[in-house]
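**Student:** If you scroll down you'll find the structure; I have some questions about it.
Only the coordinates and a few stated rules stand behind these numbers; no lab work does. Because the structure is a prediction, the values reported are computed rather than measured. Because the Cβ atoms are built from the backbone with ideal geometry, glycine has one as well, and the counts that use them run over all protein chains shown.
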Amino acid sequence: MPFVLNRVERGRYLDSVALMRLSRRLSALPGVEEASLMIGSPSNKALLREAGLLAADGEQAGANDLVIALRASDERLGQEALRSALAVQRDDSPSETLRRVRSLATALDVLPHANLALISVPGEFAVAEARKALHAGLHALVFSSGVPLEEERALKLVAREKGLLLMGPDCGTALIAGTPLAFANAVPRGDVGIVSASGTGLQEVSCLLARMGRGVSHGIGVGGRDLDERVGALATLSAIDALEQDAATASIVLISKPPAPSVAAQVLERLAHCRKKSVVCFLGLDKPGLAPTLLAAAEMAAGARVENDEQQVGRTKGLVHALYCGGTLCTEAELVFKRRGLQGHRFIDLGDEKYTRGRPHPMIDPEIRNAHIAAALADSAVGVILVDVVLGFGAHPDPAGVLLEVKCPKTIVASVTGTDADPQVRSRQVARLRDAGVLVAPSNAQAAALAASLVY
């Protein structure tokens, strides 16, 4: 019988990225079946409760407290894991050479010339912190999710009035003046500016550009809902304005899932009057002149091609079972199949909220995919497994190694989003996968096409 144990650290705060990393490290301890660290806000406690990880101690936590929650196969091992949690926190703490402050005002005293704030707090508090940053004259990247749509619009209106960028909420990636923020990759500076309503979309395009010898001036994430009719592309239009005025930007790439028709028309009209060349990829919106895939968007912007490897592999009977960490990459793969008239194949975005409640995002802890791979192996209808491997800052240090923990006799097709300058080193991850028999394509769109060609 499993044991659910909680420990509450009063007045203890860590940002969401640090909490996800610590959750993964605690989950790896002996006897721990699942672990999650969350600030004790009402919505977070509801997530822990739904995940079966909330005990009586955790129920008493407040919004200023940290809840360390785990499920263990053995009570003694679980208690040992809880006792070790503080040591794990200390190991993951910032270097003592970095100043730690408790408010935006104090941070600005320490860094008076700062012009951007990265906000990673529970959604209930993100609006207030973003508003403080904007009123202090700072651009803001809101990593936090769970912000009501009407609050997002209100914040973006404030940002526009002040001539500032509000990236997010739920903005997972940005590259500002060569500085990677959140889940970004190490790519060279260049003259291509990117405006993206997708974190993994920005990562894929920026990495493909890097492999074609091009670089990024700025990669501006706007949050996945910015092109919703109720938000009206406020951040997207501001980002286009900023890149048009930026001397270091020669061309602009816009990435999004299909926006509302009225919003799409507004954005395309703005780009039609932009002085700089633009490439638009509205995934799922087939319209002349638009890039149909992220790969096509990168190639159009670079004026070059990503060479595909010729891989001679026998075809197999069955379905393709796609298991993705990146939601936009999953959407792109599904569109590749749809355009080929292929139906009945399975596409799962493991980063969707229903899979991440109470546990780290699969880009941080890709082990969640292994259980799904095991289930696919037991399904005789599945012939090929399609996956993404996403590298970069904040991502798992060895996602290829985690994927290969499951011995898979079926064909696996993968793409690896990243560069050799990333901490994980893309070429090493690719080599490790290929040595194990995984078919690795140069891009996600090419991996999807390869998987589609292997089944009948």
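**Student:** Roughly how far apart, in whole Å, are the Cα centres of region 413-456 and region 130-168?
**Tutor:** Centre-to-centre distance over Cα atoms comes out at 37 Å.
**Student:** Report, for the chain, the % of DSSP beta bridges that are antiparallel, rounded to 5. Mind dumping the intermediate values first?
**Tutor:** Values: 20 of 62 bridges.
Roughly 30 percent of the DSSP beta bridges within the chain come out antiparallel.
**Student:** Oh, and also: So if I average 1/r over every pair of distinct C-alpha atoms in the chain and take the inverse, what Kirkwood radius in Å does that give? It would help to have the intermediate numbers written out before the result.
**Tutor:** On the way: mean 1/r = 0.0437 Å⁻¹.
Its Kirkwood hydrodynamic radius stands at 22.9 Å.
**Student:** Assuming 0.36 nm per residue, please report the length gained on full extension of the stretch Arg230 to Asp191 beyond their Cα-Cα distance. Present the calculation step by step, with values, prior to reporting the outcome.
**Tutor:** Working: separation 39, 0.36 × 39 = 14.04 nm, distance 3.19 nm.
Taking Arg230 through Asp191 to full extension adds about 10.9 nm, to one decimal.
**Student:** Using a 7 Å offset from Cα along Cα-Cβ at Glu353, what residues in region 17-45 end up with backbone N under 14 Å from the label point?
**Tutor:** 43-45
**Student:** Once label points are set 7 Å from the Cα along Cα→Cβ at both Leu285 and His135, what is their separation, rounded to one decimal in nm?
**Tutor:** Placing both labels 7 Å beyond Cα along the Cβ direction yields 3.5 nm.
**Student:** Checking the a/c ratio against 1.5 first, then a/b against b/c, what shape does the Cα gyration tensor give for region 370-419?
**Tutor:** On the way: a/c = 2.91, a/b = 2.05, b/c = 1.42.
Prolate.
**Student:** Let me ask another. Per residue of the chain, what 222 nm ellipticity follows from adding -39500 (n - 2.57) for every DSSP H run with n ≥ 4, rounded to the nearest 500? Spell out each step's value before the answer.
**Tutor:** On the way: 17 runs with 174 residues, N = 456.
Dividing the helical sum by the residues of the chain leaves -11500 deg cm²/dmol.
**Student:** Roughly what percent of Cα-Cα pairs across region 105-203 reach past 17 Å? Write out the running numbers ahead of the final one.
**Tutor:** Numbers: 2528 of 4851 pairs.
For region 105-203, the share of Cα pairs beyond 17 Å comes to 52 percent.
**Student:** For Ser43 paired with Arg83, estimate the spin-label separation in nm (one decimal), with each label point 7 Å from Cα along the Cα-to-Cβ line.
**Tutor:** For the pair Ser43/Arg83, the computed spacing is 3.7 nm.
**Student:** For Asp246 and Lys407 in one chain, what is 0.36 nm times their gap in residues minus the Cα-Cα distance, to one decimal in nm? Walk me through the intermediate numbers first.
**Tutor:** Values: separation 161, 0.36 × 161 = 57.96 nm, distance 4.96 nm.
Answer, rounded to one decimal: 53.0 nm.
**Student:** What net charge is computed for the residues neighbouring Cys325, neighbours being all others with C-beta under 10 Å from the C-beta of Cys325, Lys and Arg scored +1, Asp and Glu -1?
**Tutor:** Net charge around Cys325: -2.
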